[in-house]
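See below for the structure under consideration.
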Amino acid sequence: MSEKDFAVPQKRHMGLKASKIISNTSIHILLAVISVIWLIPFVCILLQSFRVESTYQVGYVIPKQWGFDNYANLLKTDFPRWYLNTLIVALCAAVFQTFIVLCMSYALSRFRFKMRKPLMRFMLILGMFPGMLTMIILYRVLADLGMTQANAVPGLILVYIASSGMGYYVSKGFFDTIPKSLDEAARVDGATRLQVLFKIILPLSKPIVIYTILTAFMGPWGDYVFAQYVSFGTSAGKNVAVGMYGWLTNDQINKFYTSFCAGGVMVALPVTVLFMFLQKYYVEGVTGGAVKG
Amino acid sequence: MTKYSDLEYLRLSKGDKFLYRLKCFFSGIPLFFKNLILAIASAFKKLGLAVAHEAADLVNTFKNGSVPTRVSYAVMGFGSFCRGQWLRGLLFLLMEIIFIGYMILAGGYWLGMLPSLGLQGPEQVATTVTSLRGGTNTVYTTVYHDNSFRILLYGVLTLFFIVAFIYTWRVNIRQNKINDQIIRSGKKIKSAGDDMRSLVDNSFHKTLLALPLTGILIFTVMPIIFMILVAFTNYDGTHNGFSNNLFHWMGLNNFNEMLNWSSGATSYAATFGEVLVWTLIWAFFATFTNYFLGMLVAMAINKKGIHFKKGWRTILVLTIAIPQFISLLYVSKMFARSGIVNNFLMDMGWIDQAHLIKFWEDPTLARITVIIINIWIGIPYLMLITTGILMNIPADLYESAKIDGASAWQQYTKITLPYMLFVMGPYLLTSFTGNMNNFNVIYLLTGGAPTNNASSAPGTVGYTDLLITWLFKITQGAESKYYLASVVGILVFVVVAVISLVVYNLLPSIKNEEDFQ
Amino acid sequence: MKKLVALVLSLMMVLSVCSFASAEGVNIDVTIWVAEEIKDLTAAQIEEFNATNPYGITFNATIEAVSEADAATNMITDVEAGADIFCFAQDQFARLVQAGAVAKLSDESAAWVKENNAAGVVAAATSGEALFAYPLTADNGYFMYYDKSVIPEEDIDSMEAIIADCEAAGKFFSFEMESSAWYLASFFFATGCVSEWVTDDDGQFIEVYDTFNSPQGLIAVKGMQKLVQSSSHNSSSKGAEFASNSAVVVTGTWDYVTVQDILGDNMGVADLPSFEVDGVSYHLGSFNGCKLMGVKPQVDSVKAEALELLAEYLTGYDCQMQRFDARAWGPSNLAAQASEAVQANPGLAALLAQSPYSLPQGQIHGSWWDIAKVIGDDVKDATDEAGLQLALDNYQEKIAALFTLSDDVKFGWTIIGTCNSTDGFFYTDYNGETRSNWGEDLPMEKVSVDTWKSAQAWDIEAGAEFKVRQGLSWDNAFPGDNFKVEEAGYYYIVFNETTGEVSLEAAE
């Protein structure tokens, strides 16, 4: 996000300077309050993850004894395995899903073929079906392919990327904003469509590529419901969400509550860092695409 | 009703304009259905004509075709091989071999079983064996026979495959026809090299779309068809099709069970109605609170003279970055009866033991709480999206407004809001339907609680349950009534489709996508 | 095609039998699901089994931590992918039997279980006449933990006194009344109400005896109202509530370590208190439940028996004592229960003190938990006796609705008839067994609003006779004279409920 200021209207009749100071101060205060509200849960999770005097839920926030025990404890569980699984799934999904979404949206943005409109309408209608129930059937397909339980990782990757073409909407919107005249000029110079994509369009599409990678990465990173459905019964195939959710069951919560918080911090860390650095592209991608489709 | 011309329409006041559009829409509904029926009829007619045309074409091609073309009717790709198009020929031939092999080895069985969904379920067999512990022992084993679930799944896949095969066969013949024509006219036939080149150039979209569409077909379309079919069976926990009883086709029975009003307030239909109403209320508030508050926050951060812009944004964006299963679960515990929020209020002396706030126990309060917590989640997204759009509003609009002496509020209502609504109309619609199916927030925060005691529907429906979470709970309940969940799924689709249709027709502008290029 | 599948199946079976035969002794791969906390212990126990068993069996075990709460759901989702041996809480039992996810115990094994376990836990593993699981623990009950610094010793027998103490100290009385039928039933059992369910061999519920909606039940909800309308009531059963301002928590042995950790010397354990209605005192009751170990149905009888031997070992005296020593799991094995160490355990002692007031948790319909758990909310909202009665009425109405909806036996139709010869009527094509000679009813399935169809097709000889009847009784049987088969063939039997018409439908 560039720091270009957005001109918000000012009242003209009051003393210009005084009114500006008052309104700016109050907005600063408002933003500070909002920030505090937004941060409370995260600060609580962070603080709880450093509590070492007990491992169950308590009614206070600030630990009585501080330490890294909970983080050390994570290493004794299957957490590293789950973390690795999640990382593999999320990275693969990010790469392949981006590839597929870009193929799909580029084709729908730049080509005018007979089935294009019906295809788009069909996918719009498909999207209106609640996907919840299809889990049962996807599980069966994966099970017959041998990609569940201990082998859930490839299975999850397959499912995440297979239907990702449906999410072409935002990036198609973005491609639509790139002038077609650029393509045509290149075509006149003898470039094939493939070359146009790689030499002209992609270099201009950095924000949308990063946006797609980011969203593709985050989906699997926090997915619980489907991951739980395909990886039950084996610790080796779980992702962090499923594994950590298991710590909140009645027989485990007393022993693992603070570990859950520590694990939560570990899970949140990479995405938070990614977001801090790539925020700018995310905004450009989403505004370029989301509202223009 | 009276129809206005464009000029008359422009002269109307704002409210009248809206009313007029509304009236137009509703008076258009009968017409819409009439057109729909006509369209369907003409589609059937077209289909009939197309089939007849295709059949005639097939016959003519065979009659007029060269020998390779005729052989291609039985041996796919033969014609292509003869004319040096080895790539196409190979693909056609491969398709035929795989198809025939599949149908003989497995497809025939699945297809044959599809009408009955299996003839024999599992059987328990008692065998008297020489026991490992000495002496004899009667051991019970199970012999598994047909599997309704697999029959339905692979039956549907086989149907897909047959359609794909017929299509390929037709393409194979059409290409032979074209080749015949080309040869007759003395031109050169496209070589395999030409085919390859075309795939990265003029037909590049085919290359691009092949993979994504295959994925969508197998992992989205097929499961949805399966789901729809399940609604017409009795697939549930006691008829799971494999390890206990087979399931069978039930016709429209399940829709009758779901939509039957005969038992009044305790009927499933009443529950469905209640959940639907709450789903709509939720979707409305979740969409618009986020939209307006998100825009407000974005404007505040973007205002000239505000410091740490990036800092504020980053803090808000944390809610996007941290997986919901962590943040929402934690927040849900914060608001519990003995959670941190109540403890804090008690420490402050604002409430006492007897007046703890029952965030998750009081139906109305629970509903309000989920909407408010959803604001906490939603604002950051909207803040990011609106930031970009706000910056796109031409600055000179504001300049001229200022010169005309418009107040800040007037500028907001006359410039900012209309612009935003115009640009974000479609987004609001998708976000509305998205919120109707917002599984995570409800499931992780309340799990649907507090329970709606009046309902006798399966899945212990609660006051904060959306249709989508209820549907999920039906499949998880003691009886796992998958067939009923499917019915709910289909009804959700109908509701979403109707709303989309209505809103699209009421949107200020149905934009032509070419405008943006 | 069916024949081909059958051929492949039998081929696989032959192959697997061969592999057993060729090996020295028997080598078996087995997947086991146990709770996280006994995962390592179980691994050690299987090592021990491999080293010492007299049968020459060696298990290559894969042990996974799957909580007892999840195991049943997972098994039902996909029996094929499920574990060979798994542990579950008894409330999941009927579901598992219905789903065909637990194997019926062999005669020898069933005899062993009956001999070594208390009658209550054996009943929990029984459906109809048959045993389907091995009792693992018998400590799934609840009692009261309390903070001695808040509740004086003399008050612990009276619920009213405890509530008063909690209110005075601004502390919570945690007793899960709003989301758990398991805890809520405590009040009903106190006044002598029961909810008893009967299952058949397939795990289907065929009968219920329920007295919750009765004058006694009304007394129970009046007592319950005293608790749930108190400002000190907190609907929770987590031991960790002591760290969030609770002075009393009703929960089980699994929270012992946690509570001890929080309260230290102030921890008290006791049986549940009594409540008073109209001058009469009622001691709170409880469920007395157990955890079970199930074996997945097998296609191979050698593996089936080997797995039974392993399950017997894992639920036998030695292993139960090891789990008691390591994790304080209360044994179900009679000999283990009688041992001194078990008798001396304070948590189990509290459970023992509660036991005169507890009922063994038999088979309970899965939906009962959902139906009964809302009573707590209703009672809390009730302002007068009519409101309380309404809560009970609602409850009973739903129980009745449940039973009419899903009671396959009472309203279901079955076929009963002659058997002429081994290849005659009701002869099944797979194992050659004769199935009916006016003795055994054969199932039908509802295929549309009023049409029922036999669950399978049979080769039926000419001259065979049968009737279709409802609820296993002759009150409703069609046709009046027996249906006579005129022409031999492979048929489904179809019955129309409305017209009472019986017909044959040719299969294949």
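The values are calculated or read from the model by the stated rules, or taken from the named source; none is laboratory data. Not measured: the values here are computed from a predicted model. Counting neighbours? That spans all protein chains shown, and the Cβs are built from the backbone with ideal geometry, glycine included.
Which one is surrounded by the most Cβ atoms within 10 Å (Cβ to Cβ), of the residues in the stretch B:346-356 that are closer than 17 Å to residue C:246 by Cα and not small (Gly, Ala, Ser)? Only one residue fits best here, namely B:356.
Under the condition of being acidic (Asp, Glu) and part of a helix (DSSP H, G or I), which residue from the stretch B:359-409 is farthest from the other protein chains (Cβ to nearest Cβ)?
Going through the stretch B:359-409, the residues acidic (Asp, Glu) turn out to be B:361-362, B:396, B:399, B:404.
Now narrow it down to the ones that are part of a helix (DSSP H, G or I): B:396, B:399.
Values: B:396: 10, B:399: 8 Å.
If we take residues in the stretch B:359-409 being acidic (Asp, Glu) and part of a helix (DSSP H, G or I), then B:396 is farthest from the other protein chains (Cβ to nearest Cβ).
Condition (residue is of a type in the set (S, T, N, Q), under 22 Å from residue A:31 (Cα atoms) and in contact with a helix residue (DSSP H, G or I) (Cβ under 7 Å, 6 or more places away or on another chain)) applied to the stretch B:326-333: is it met by at least one residue? Looking through the stretch B:326-333, at least one residue is of a type in the set (S, T, N, Q), under 22 Å from residue A:31 (Cα atoms) and in contact with a helix residue (DSSP H, G or I) (Cβ under 7 Å, 6 or more places away or on another chain). What do you reckon, is residue B:98 within 25 Å of residue B:157 (Cβ to Cβ), in a helix (DSSP H, G or I) and over 34 Å from the mean Cα position of the chain (by Cα)? Here the answer is no, as residue B:98 does not meet what is asked.
Any chance the stretch B:192-212 includes a residue that's among the aliphatic types (A, V, I, L, M), touching a residue at least 60 places away in the same chain (Cβ under 8 Å), more than 17 Å from residue A:165 (Cβ to Cβ) and not in a loop (DSSP other than H, G, I, E, B)? Yes: one or more hits.
Only residues that are facing chain B (nearest Cβ under 9 Å), farther than 26 Å from residue A:226 by Cβ and buried (at least 18 other Cβ atoms within 10 Å of the Cβ) were counted across the stretch C:47-84, and they come to 1.
Taking the conditions (1) buried (at least 20 other Cβ atoms within 10 Å of the Cβ); (2) at pLDDT 85 or above; (3) under 13 Å from the mean Cα position of the chain (by Cα) in turn, residue A:282 satisfies each one other than (2). Considering the stretch C:274-289, the residues that are modelled with pLDDT of 90 or more and surrounded by 23 or more Cβ atoms within 10 Å (Cβ to Cβ) include one that is nearest to the other protein chains (Cβ to nearest Cβ), namely C:286. Checked against the criterion of being basic (Lys, Arg), outside the structural domain of residue A:246 (by TED's automatic domain parsing) and either buried (at least 18 other Cβ atoms within 10 Å of the Cβ) or closer than 30 Å to residue A:164 by Cβ (or both), the candidates A:110, A:51 yield just one match: A:51. A count restricted to the stretch A:231-287 and to residues that are touching a strand residue (DSSP E or B) at 6+ places or on another chain (Cβ under 7 Å) and on the phi < 0 side of the Ramachandran plot stands at 3.
Matching residues to (1) facing chain C (nearest Cβ under 8 Å); (2) surrounded by fewer than 18 Cβ atoms within 10 Å (Cβ to Cβ); (3) farther than 30 Å from residue B:74 by Cα; (4) among the hydrophobic types (A, V, I, L, M, F, W, C):
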site: B:99; (1), (2), (3), (4): no, no, no, yes
site: B:108; (1), (2), (3), (4): yes, yes, no, no
site: B:126; (1), (2), (3), (4): no, yes, yes, yes
site: B:131; (1), (2), (3), (4): yes, no, yes, no
site: B:139; (1), (2), (3), (4): yes, no, yes, yes
site: B:145; (1), (2), (3), (4): yes, no, yes, no
site: B:148; (1), (2), (3), (4): no, no, yes, no
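Checking the conditions here, which among B:118, B:107 is touching a helix residue (DSSP H, G or I) at 6+ places or on another chain (Cβ under 6 Å), touching a residue at least 40 places away in the same chain (Cβ under 8 Å) and closer than 30 Å to residue C:132 by Cβ? Testing whether each residue is touching a helix residue (DSSP H, G or I) at 6+ places or on another chain (Cβ under 6 Å), touching a residue at least 40 places away in the same chain (Cβ under 8 Å) and closer than 30 Å to residue C:132 by Cβ leaves just B:118.
Listed here are the residues, each with its yes/no results for (1) facing chain B (nearest Cβ under 10 Å); (2) aromatic (Phe, Trp, Tyr); (3) in a helix (DSSP H, G or I).
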{"residue": "A:210", "(1), (2), (3)": "no, no, yes"}
{"residue": "A:221", "(1), (2), (3)": "yes, yes, yes"}
{"residue": "A:233", "(1), (2), (3)": "no, no, no"}
{"residue": "A:256", "(1), (2), (3)": "no, yes, yes"}
{"residue": "A:270", "(1), (2), (3)": "yes, no, yes"}
{"residue": "A:275", "(1), (2), (3)": "yes, yes, yes"}
{"residue": "A:278", "(1), (2), (3)": "no, no, yes"}
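In this structure, is residue B:273 surrounded by fewer than 21 Cβ atoms within 10 Å (Cβ to Cβ) and either under 26 Å from residue C:99 (Cβ atoms) or more than 8 Å from chain C (Cβ to nearest Cβ) (or both)? Judged against the criteria, residue B:273 is a match. Cβ-Cβ contacts under 7 Å between residues 6 or more apart (or on different chains), taken from a first residue in the stretch C:24-46 that is within 12 Å of chain A (Cβ to nearest Cβ) and farther than 18 Å from residue C:312 by Cβ to a second residue that is surrounded by fewer than 22 Cβ atoms within 10 Å (Cβ to Cβ) and of a type in the set (A, V, I, L, M, F, W, C), are listed as C:35/C:65; C:36/C:65; C:39/C:63; C:39/C:65.
Pairs linking a residue in the stretch B:55-74 that is modelled with pLDDT of 85 or more to a residue that is of a type in the set (A, V, I, L, M), with Cβ atoms under 7 Å and 6 or more positions apart or on different chains, are B:58/B:173; B:61/B:173; B:72/B:173; B:73/B:173. Look at the stretch A:102-126: where a residue is closer than 18 Å to residue A:171 by Cα and a partner is among the basic types (Lys, Arg) and surrounded by fewer than 21 Cβ atoms within 10 Å (Cβ to Cβ), sitting 6+ places away or on another chain with Cβ atoms under 8 Å, you get A:108/A:116; A:110/A:180.
Is at least one residue of the stretch B:213-224 more than 14 Å from chain A (Cβ to nearest Cβ) and within 27 Å of residue C:99 (Cβ to Cβ)?
As a first pass, look at the stretch B:213-224 and keep what is more than 14 Å from chain A (Cβ to nearest Cβ): none.
Among the residues of the stretch B:213-224, not one is more than 14 Å from chain A (Cβ to nearest Cβ) and within 27 Å of residue C:99 (Cβ to Cβ), which makes the answer no.
Please tell me if residue A:161 is closer than 30 Å to residue B:470 by Cα, more than 10 Å from chain B (Cβ to nearest Cβ) and part of a helix (DSSP H, G or I). Answer is no for this residue. In this structure, is residue A:100 out of contact with any helix residue (DSSP H, G or I) (no Cβ under 6 Å at 6 or more places or on another chain), facing chain B (nearest Cβ under 8 Å) and part of a helix (DSSP H, G or I)? So residue A:100 fails the test.
Tell me, yes or no, whether the stretch B:77-88 has at least one residue that is at the interface with chain C (Cβ under 10 Å from one of its Cβ atoms) and surrounded by 15 or more Cβ atoms within 10 Å (Cβ to Cβ). No, the stretch B:77-88 has no match at all. Just give me the residues in the stretch B:417-432 being more than 9 Å from chain A (Cβ to nearest Cβ) and among the hydroxyl-bearing types (Ser, Thr, Tyr), in sequence order. Hits for the stretch B:417-432 are B:419, B:431. Check the stretch C:186-194 and report whether any residue there is within 14 Å of chain B (Cβ to nearest Cβ) and among the hydroxyl-bearing types (Ser, Thr, Tyr). Within the stretch C:186-194 (the criterion being within 14 Å of chain B (Cβ to nearest Cβ) and among the hydroxyl-bearing types (Ser, Thr, Tyr)), the answer is no, since none of the residues qualifies. Please find, among C:393, C:378, C:370, the residue that is closer than 23 Å to residue C:88 by Cβ and either more than 10 Å from every other protein chain (Cβ to nearest Cβ) or part of a helix (DSSP H, G or I) (or both). Going through C:393, C:378, C:370 in turn, the sole match is C:370.
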